[in-house]
Amino acid sequence: MENRKLILSFETSCDETSIAVIENGDTILSNIVATQIDSHQRFGGVVPEVASRHHIEQITHCLNEALETAKVDYNDLSAVAVTYGPGLVGSLLIGVTAAKAVAFAHDLPLVPINHMAGHIYAARFVDQFKYPQMALLVSGGHTEIVYIESEYDFKVLGETRDDAAGEAYDKIGRVLGVNYPAGKTIDEWAHEGHDTFNFPRAMEKDDNYDFSFSGLKSSFINTVHNAEQREEKLDTKDLAASFQQSVIDVLASKTERALADYPVKQLVLAGGVAANQGLRDRIEKDLNQKFSNVQLLMAPLKLCGDNAAMIGAAGQVAFDHKKRTDMSLNAVPGLSF
Amino acid sequence: MKILSIDTSNAPLAIALVEDDQLVAETTLNVTKNHSVFLMPVIEQLMKMASWTPAELNRIVVAKGPGSYTGVRIAVTTAKTLASTLKIELVGVSSLAVMAKDPAELTNLPVIAIFNARRNTVFTGGYQMEQGKLVSFIEDAHMELSELIEKINEKQQPVLIVGDILPEFKNQFETNSKFITLGNEQSSFPSAFQLGLMGAKINPVSDIDSFVPDYLRITEAEMNWQKSHPGELKKSYVREV
Ligand SMILES: [Zn+2]
């Protein structure tokens, strides 16, 4: 018990209130996640003011439950870690404010964590990290390729120029009448359909690692609207499959380009959209065929969405790297690496 | 009893340490742009100067709204988390009452506190002293300025108004009522000391986890949704997964 390192972590960047206790950076003692999805489904997407109000309803309940489930007390803890960006400012503020109060009350070090670093560390629960490492982060808010040359040293190689991949799923989901968030349903339909529409693969051949999904989205919407005007019914399964194939082709080709230019030992696949089965299968196949010496670390399905366990795993490493903040920590909605 | 009182409902940030009805330390900042950046450092500094440790605190008293949604949330999140994590008492007081207390004591007039809620509406509440206690005579609510003026005129009694007395509000008060005295700027700041004193006499909340701000207004998104989905409102929209 003596060398037990325990991090209490907070994550409230969007519509999940989550608090976790992580032991030695790789073991989940508790990971409480209260989701507001049922609330925001009423509005077809996350309403920031509503999200912030839900976080404050949940925060201390989740805190107590995280400690009780982990069977630890405050004096067992080494530090408090908290997501301070990127995300919705009103949501981030609840976690940041609560984490500061806890750190102050018990005189604990406070460790600020970038939400995207957190997503990468969801894969830490699968295996140890080896460097250099590459990460493909795909979520509702972000699409990024990150190069990690050494521990906790992040460099964004490429990112989306417009919509995030998850955002594109939600937007075309709306056109197909799929409830927010649409990713899971579109993924399931895609497996039952075929890529018959051949939507554009934006920037696929460009000599960079950036993404763009707005052209695909427009092309998709135009196709559906034109068919409606002709009173023609399109196969939704084929639409879903064609859309998903375009997204996956772009994500996979850019990742391949990055892997070819930056040799790494591991590729981490993480973020909400990393739960997409089509994407997981494709990346796995690509690595086997073209980069067989690169180990693929896929974040566990349960930890692809937002959660505090990943923040705690990143928190332990950041803590070891002496990352600290004082009581003036603020939310930084546009935080980048 | 050692009390920490916090009010960040509007632009000013007000914090006090109060022990047995005596002021130990108090800070009011009226330059704050961001309560999130200043609140905890000021608490930390006041506690240090008073040689208080967090573990010695007995009670947190917080102005629970109405006011700026973000401001009120920062105070309430800080207060409920401190109370929960230190396992001490939590008391919520109306932010309008905090504003009204000092002027009500000083003038003995019934006081109406107002916060600007935009589009010619206000968050407002009426308070007066009765046998040394501040009691409400107009319940905290969100209303049109004209509605407030009507209520005042119905009472047929002189009142003092404090808070966000915007030029356009001033104009409407002066033209439409002969019962109104407008407070000066000094009477329009929250006093964290008064907040601490009031909070010392109120029963603590029984369930800290469910303690939330008094916004006095639901969000626009929810209002629209409720209009288009009558009778569908559920009790809870958050679940653990
Ligand atoms: Zn995320």
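Only the coordinates and a few stated rules stand behind these numbers; no lab work does. Please read all numbers here as calculations on a predicted model, not as lab measurements. Ideal geometry is used to build each Cβ from the backbone, glycine not excepted, and the neighbour counts take in all protein chains shown.
If I require 15 Å or longer along the helix axis, counting alpha carbons, and a Kyte-Doolittle average no lower than -0.5, what helices from chain A are left? Use full DSSP H segments. Helices passing the filter in chain A: A:48-70, A:89-105, A:165-175, A:214-229, A:236-261, A:308-320. Taking Lys and Arg as +1 and Asp and Glu as -1, the other residues whose beta-carbon sits under 14 Å from that of B:Ile180 total +1.
From the Cα gyration tensor of the protein assembly as shown, with a ≥ b ≥ c the square roots of its eigenvalues, which class applies: rounded if a/c is under 1.5, or else prolate if a/b is larger than b/c, or else oblate?
The shape class here is oblate.
Counting only aspartates and glutamates at least 8 places from A:Lys254 when in the same chain, those with an alpha carbon closer than 17 Å to its own are A:Glu144, A:Glu159, A:Asp162, A:Asp163, A:Glu204, A:Asp206, A:Asp207, A:Asp210, A:Asp281, A:Glu284, A:Asp286.
Neighbours of A:Leu67 by Cβ distance under 10 Å: Lys/Arg scored +1, Asp/Glu scored -1, total -3. Stretching the chain fully between A:Ser218 and A:Tyr74 yields a gain of 46.7 nm (0.36 nm per residue, less the alpha carbon separation).
Largest mean-square fluctuation among B:Ala192, B:Ala200, B:Ala50, in a Gaussian network model of chain B whose springs join Cα atoms under 10 Å apart, belongs to B:Ala50.
Amide H contacts for A:Val82 (H built 1.01 Å from N in the peptide plane; partners 5 or more residues away or on another chain; cut-off under 5 Å): A:Phe10, A:Val111, A:Ile113. Less than 5 angstrom separates the built amide H of A:Thr160 from those of A:Thr143, A:Phe211, all sequence-distant by 5 or more or on a different chain. Rounded to the nearest 20, the size of the Cβ-charge dipole of the range B:59-108 about its Cα centre is 260 debye, with Lys and Arg at +1 and Asp and Glu at -1. Of the residues A:Gly166, A:Gly177, A:Gly312, the one that moves most in a GNM of chain A with alpha-carbon contacts below 10 Å is A:Gly177. Taking the DSSP beta bridges with both ends in the protein assembly as shown, the antiparallel portion is around 60 percent.
Once phi is turned into θ = phi - 60°, what whole-Hz ³J(HN,Hα) does the Karplus curve with 6.51, -1.76 and 1.60 give for every residue of the range A:124-140, x standing for Gly and Pro? Using θ = phi - 60°, the values come out as 5, 7, 9, 7, 5, 8, 10, 10, x, 9, 10, 9, 9, 10, 10, 8, x Hz. Would you please give the FRET efficiency between B:Leu166 and B:Ala50, computed as 1/(1 + (r/R0)^6) with r the Cβ-Cβ distance and R0 = 30 Å, to the nearest 0.05? Computed FRET efficiency for B:Leu166 and B:Ala50 comes out at 0.20. Note on B:65-74: average number of Cβ atoms from other chains within 10 Å of each residue's Cβ is 2.
Taking the Cα centre of the range A:127-298 as reference, the dipole from Cβ charges on Lys and Arg (+1) and Asp and Glu (-1) amounts to some 100 debye. Simple spin-label model, 7 Å along Cα-to-Cβ: A:Arg4 to A:Asp281 in nm? Result for the modelled spin labels: 4.4 nm. Under the combined filter of DSSP loop state and at most 13 neighbouring Cβ atoms within 10 Å, the range A:1-107 retains these GluC sites (Glu not before Pro): A:Glu2. Computed from the alpha carbon positions, the gyration tensor of the range B:96-188 leads to an equivalent ellipsoid with semi-axes of 19, 13, 13 Å, biggest first.
Of all DSSP beta bridges located in the range B:82-207, what percent are antiparallel, nearest 5?
Within the range B:82-207, antiparallel bridges account for around 70 percent of the total.
Note on B:132-143: average number of Cβ atoms from other chains within 10 Å of each residue's Cβ is 0. Within the range B:141-171, which residues have the backbone N less than 18 Å from the label spot 7 Å out from B:Arg217 along Cα→beta-carbon, could you tell me? Flagged as within label range: B:141-149, B:163-170. Under the combined filter of DSSP loop state and at most 12 neighbouring Cβ atoms within 10 Å, the range B:209-240 retains these trypsin sites (Lys or Arg not before Pro): B:Lys234, B:Lys235. Bridge orientation summary for chain A: considering DSSP beta bridges with both residues in this region, about 60 percent are antiparallel.
The residue list B:Pro167, B:Val111, B:Val135 was ranked by how far each Cα lies along the charge dipole of the range B:103-182 toward its positive end, using unit charges on Cβ atoms, and B:Pro167 comes out on top. Between the residues A:Gly334, A:Val247, A:Thr97, the greatest Cα displacement towards the positive end of the dipole of the protein assembly as shown, with unit charges on the Cβ of Lys, Arg, Asp and Glu, is found for A:Thr97. Assuming R0 = 45 Å, can you tell me the calculated FRET efficiency for the pair A:Asn179 and B:Val31, based on Cβ-Cβ distance, to the nearest 0.05? Computed FRET efficiency for A:Asn179 and B:Val31 comes out at 0.45. Towards the positive end of the charge dipole of the protein assembly as shown, with charges on Cβ (+1 Lys, Arg; -1 Asp, Glu), say which of B:Ala97, A:Ile56, A:Val33 has the farthest Cα. Going by the Cα projections, it comes out as B:Ala97. Over all other residues within a Cβ to Cβ distance under 14 Å of B:Arg239, the charged ones net out to -4, with Lys and Arg as +1 and Asp and Glu as -1.
Largest GNM mean-square fluctuation among B:Pro190, B:Pro110, B:Pro54, using chain B with Cα springs under 10 Å: B:Pro54. Determine the alpha carbon to alpha carbon distance for each of A:Lys265/A:Lys285; A:Lys205/A:Lys265; A:Lys130/A:Lys323; A:Lys5/A:Lys285 and list only those over 27 Å. The answer is A:Lys5/A:Lys285. Computed from point charges on the beta carbon alone (+1 for Lys and Arg, -1 for Asp and Glu), the dipole magnitude for the protein assembly as shown about its Cα centre is near 220 Debye.
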